Structure formats: C-alpha cells, structure tokens
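The values are calculated or read from the model by the stated rules, or taken from the named source; none is laboratory data. Since the structure is predicted, the reported quantities are computational estimates derived from the model, not experimental observations. Note that each Cβ is placed from the backbone with ideal geometry, even for glycine, and that neighbours are counted across all protein chains shown.
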C-alpha cells in the first residue's frame, strides 16, 4: 500500500487518476495532514509514503524523525519549488527521493512509486547483507577470541596482523603492542632460524597447511620462555597472503611426557631387577645342581682311590681317575662359561674380525665337537662362492661348538645333525638342524635367556648358559640368530652374519 500525504484536493485528484489509469496493481490511500498520516501508519504500515513538504500541521519530513516510523518504509518528499536547499534538507532528513510538483509529475507518480519501491528493495537487501556480514564478522571475532589456542595472523613478511585473547594471555602482550611486529619477537632465539626456514619452505610449497606442527620455545614479553607447538595454514585476503599460526602451549604435555618417561624408566628398572633376581635364582639353582653332581662324583672316586687303592685293579684305578678328570673338565667348562657370560654382560668381550678360510674352519669345529669320534653324525654342507670371510674366529667357534654340541647332546645316539653354510644376500647363513627332543613352543621365545633350560631337558646335563653366549656373540658380529623347533622332531638354529668387512655392531 502507498500512502499519499497531500492537503491540496486538486493534487490528490490528479494523483488518484494517474494510479487508476496505470497498469500498476499498487493500492493507494490518502491523508491530508501529519496527524491522519500517523494514524494510517500506526494502523497499517505502508510500503511507500509520498508526502508534501509543507502540511497544515507541520513538515512532511517530520515523519522521518518519529519512532513510529523506525525507517521501515521509504519516503519521497514533494515540494512546490525545485529549490536545491530544500532538496538537501529532505535528503538529510532521510528521504529516499524528492520531486517537484507539476501536472506531469502527478501523471508519472505510479512510475515514480514503482522505481522507489525497487530502489528501496535494493537498499533493504544491501542493508541485510551488511548486517549479515557484520554479524558474521562479530561471530568470527568471538570465535577467534574464544579459541583455547593462541592464534596469530601474519602477513607475508611474517609481521603480526592480529592476535586473539589467548595469545595475549600466553605471551603477555596486548594486541596494540604486538601489532605489525615481526613474529620472531615471539620465538626464543635458538629456534628463530628454524622457524624462518620452515615458514619459507611452507610458503614455497603447494600445501595450505603445515603438518605436523613445529615444536619450539615461545618467548613472552618478560623474556621467559615456554614450550609450544605451532601449526601453520595460509589463505588469501584481498589477494594478499595471510599466515595463520596456532600456538599451543605444551608445558603440561611436556610434564606428562616426562612423567610417563620416568614411569617407563622405573618400570624398565623394576622389570630388569626382576629379571636379575630370576637370573640369580636360576644361577644359584644351576650352581647348586650342576656343581654338586660332578663334585659328588669327584669326591666318591677320590674316596675309593684313597681307601681301596691297593685292592683296585689297574683298570678300576684308571676308570676312577678318568671320572675325576672328566668331572673337573666339566666344572672348568661351566666356570669358563659363567665368566664369559659375565664379561659379555659387562661389554668386556671385543669383536676382532680377521680373514679366515671359513670352510676349513667349520670342518675343524665339526672335528673338535665330535672329538674324532662319530664325525659322521654331523653332516657339513657348504656352497660358498669363496672360502675367505671376515669373522671373529674366537667368537664364531663358541657359537658353533655350543649349538653343534647341543644338537648331539639332545638327539638320539644314531641320528644326524645337519650343518649348512651358505651365502645369502649380503650375509653368511649357517643353519644347524638336529633330530632331537625339541623345545616346547611356549619356551622358544625365552630359550636365549641366561640360565634358561627347556622343561623337557631337565634330566640332561646342562647349565642354560650356552645359548645366551651364542646370542651375544652373534650380536657382536652384527648378525641375528633364530630358533625353530618341534617337540620330538628336532630343532633348527639359523644364524645370519653380514659379510661386509666391518659389521656395525
């Protein structure tokens, strides 16, 4: 609805006829004074008001300054004279437009009204968009300030454009103090070059986000520092690059990490202490059993010789002396193994590689293990492309003697032990396979632990030291040893040693 406020009846008639003749569907109502205009507006808000500048009870522009209007509709002022001062006064008061009264203007009034409504629609749409933008900016700023992380926006020169509230709390600066300052002012000196390099690399990449974050020390206004993690992203604002840095104070995280590391260290120490106690218990049990048996045999043989020497035949005397020698040798070997394991645990065993004929060396080891007897029980097979290799012969002899001896000891008397030596991809591979009692599956993972013996060989002589020495000596070669076994079918040990001249051990 369009409200025309005019006190001249002749002008009202002309305007009314113009609307009646037009194709416009606009409804028109008339008021002849400010009072009646206000009544119309209070009863039904018009879409447009066209008001005479001078009315019997005041100026038409007074409608613009009244609360009832609240600028919710456009207003066009009609004047009798085209006075520029009057036009300026009307526009300053808030009029959308003004027109000078004339018969032609009255005729054009429907078109003027339609044009004003279109223009007002554009104005309303623009104002709504502006309000939305202002609200969006206000919301964004509220979110920006409410963020739990410190946020700083930088330009391409790494200068501060804006910061949020948490940033000000973390660094002790207010927004005005840090505005346009270089970012390096906020970073502890030892980390400044790394930050600069990282940012330049980031700006030169195709990525819009730097991940993972960069850990460094931030520097507060008072010079104190704190650990933080900075994540970077970038965007364009009016064609200019903006870096958005999210700074997360990780002091608490560092404390928790330190506490967790300390807890892990204590846990490892407790586990190590537990293992040491278990090793000690196993060692004492082994010493009690393994030492007592040969000592008992030695004592018995010695007593027989002392008490009954004259009555013994020469063969009986030799048998008793042989038992004593054999058990002394066994004790000496156990003591040597214990000392060797102790030296390995204290890193006192050195790795000293030399070039040797490996095939000849392995054949000599086989002969030594078999002591010239039953040599056929160990089948040595090799397909090495050359004979000379760099190994530590002292360490390798202990490795091979131990595994081959175990293979014979835990296998039936007439079974065979296979000893394969071959070249792998950059390594020597030695595989020793027996047909013995095997190792229970649940014990394979601990078979290389000191003093560990499988539950199914407790009745067979042994200390549980040998395989622990094997593992350590293979490690000194820079290699690995593994075990595969099946109960009552046999066990296979696989040793791999790098073939380069100086293995990294």
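List pairs: first in region 109-130 and assigned by TED's automatic domain parsing to the domain that holds residue 96, second assigned to a helix (DSSP H, G or I) and surrounded by 12 or more Cβ atoms within 10 Å (Cβ to Cβ), Cβ under 6 Å, 6+ apart or cross-chain?
The qualifying pairs are 109/15; 109/18; 110/18; 110/19.
For region 200-220, name all the residues that are in contact (Cβ under 8 Å) with a residue 12 or more places away in the chain, assigned to a loop (DSSP other than H, G, I, E, B) and more than 28 Å from residue 251 (Cβ to Cβ).
Matches in region 200-220: 208 only.
Does at least one position in region 215-229 carry a residue that is surrounded by 13 or more Cβ atoms within 10 Å (Cβ to Cβ) and at pLDDT below 85?
no
Can you say whether residue 204 is loosely packed, with under 13 Cβ neighbours inside 10 Å and either assigned by TED's automatic domain parsing to the domain that holds residue 232 or within 24 Å of the chain's Cα centre (by Cα) (or both), as far as the supplied structure shows?
It is true that residue 204 is loosely packed, with under 13 Cβ neighbours inside 10 Å and either assigned by TED's automatic domain parsing to the domain that holds residue 232 or within 24 Å of the chain's Cα centre (by Cα) (or both).
Looking only at region 30-45, decide whether some residue is within 19 Å of residue 116 (Cα to Cα) and at pLDDT 90 or above.
Yes, the conditions are met somewhere in region 30-45.
Select from region 230-254 the residues that are out of contact with any strand residue (DSSP E or B) (no Cβ under 9 Å at 6 or more places or on another chain) and surrounded by 15 or more Cβ atoms within 10 Å (Cβ to Cβ) and list them in ascending order.
Of everything in region 230-254, nothing turns out to be out of contact with any strand residue (DSSP E or B) (no Cβ under 9 Å at 6 or more places or on another chain) and surrounded by 15 or more Cβ atoms within 10 Å (Cβ to Cβ).
Please enumerate the residues belonging to region 343-363 that are assigned to a helix (DSSP H, G or I), surrounded by 13 or more Cβ atoms within 10 Å (Cβ to Cβ) and at pLDDT 85 or above.
358, 359, 361, 362, 363
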